[in-house]
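Participant: Got a structure for you, written out below as structure tokens; questions coming shortly.
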Amino acid sequence: MKEVRVTPAKFRLMAEAELARIPEEVRALLVNVTIETKEEPGEEADDLEDGDENDATDLLGLYCGPEREDFLSNAAHGELPAKVYLYQWNLEDSVGSIEELQKEIRLTLRHELAHHFGFDDDELERVWPEGA
């Protein structure tokens, strides 16, 4: 497979472009969520166990924080934002072209945002196999 590498700034722009492609009606439903691009998983992924199917060494993205429903409750006052992490090096290593990288960023971003709306991985696999 051909090695695909972009600068961190270009990767961030690609992620922002994919966020902008999400329909406005859906983006308007996001509550207190930030998108962060990182070269590789860090402390936020430490809770994942080695050997787990979601092992951090292969992780493309991660959702950390409360779901949307929790942010809408009265108890959420003062909650820190939830974060979607996109991991550049793992995403680049999973593809063979810049076009595939753009698609994988899109799928990973949408997958992680689905967690914000309360979907777990099993549900995503069932209802959206391409993005699970």
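The values are calculated or read from the model by the stated rules, or taken from the named source; none is laboratory data. Bear in mind that the values here come from a model prediction, so they are computed numbers and not experimental data. In this analysis, Cβ positions are derived from the backbone assuming ideal geometry, glycine residues included, and neighbour counts consider all displayed protein chains.
Participant: Out of everything in segment 22-49 that is within 18 Å of residue 66 (Cα to Cα) and of a type in the set (Asp, Glu), what residue ends up being nearest to the chain's Cα centre (by Cα)?
Facilitator: Residue satisfying both the conditions and the ranking: 36.
Participant: Just one of (1) over 14 Å from residue 38 (Cα atoms); (2) part of a helix (DSSP H, G or I); (3) at pLDDT 95 or above trips up residue 95, so point out which.
Facilitator: (2)
Participant: When you go through (1) at pLDDT 80 or above; (2) surrounded by fewer than 12 Cβ atoms within 10 Å (Cβ to Cβ) one by one for residue 51, which number turns out not to apply?
Facilitator: Exception for residue 51: condition (1).
Participant: In segment 27-38, what residues are touching a residue at least 12 places away in the same chain (Cβ under 8 Å) and under 24 Å from residue 99 (Cα atoms)?
Facilitator: If the condition is that a residue be touching a residue at least 12 places away in the same chain (Cβ under 8 Å) and under 24 Å from residue 99 (Cα atoms), then 35, 36, 37, 38 are the ones that fit.
Participant: Just to be sure before I move on: is residue 79 over 11 Å from the mean Cα position of the chain (by Cα), at pLDDT below 85 and of a type in the set (D, E, K, R) in the structure I sent? So that I can check it myself, show each step before the final result.
Facilitator: Working: over 11 Å from the mean Cα position of the chain (by Cα): yes; at pLDDT below 85: yes; of a type in the set (D, E, K, R): yes.
Taking the combined requirement at face value, the residue satisfies it.
Participant: Select, from 104, 40, 100, the only residue that is modelled with pLDDT of 80 or more and crowded, with 17+ Cβ neighbours inside 10 Å.
Facilitator: Going through 104, 40, 100 in turn, just one is modelled with pLDDT of 80 or more and crowded, with 17+ Cβ neighbours inside 10 Å: 104.
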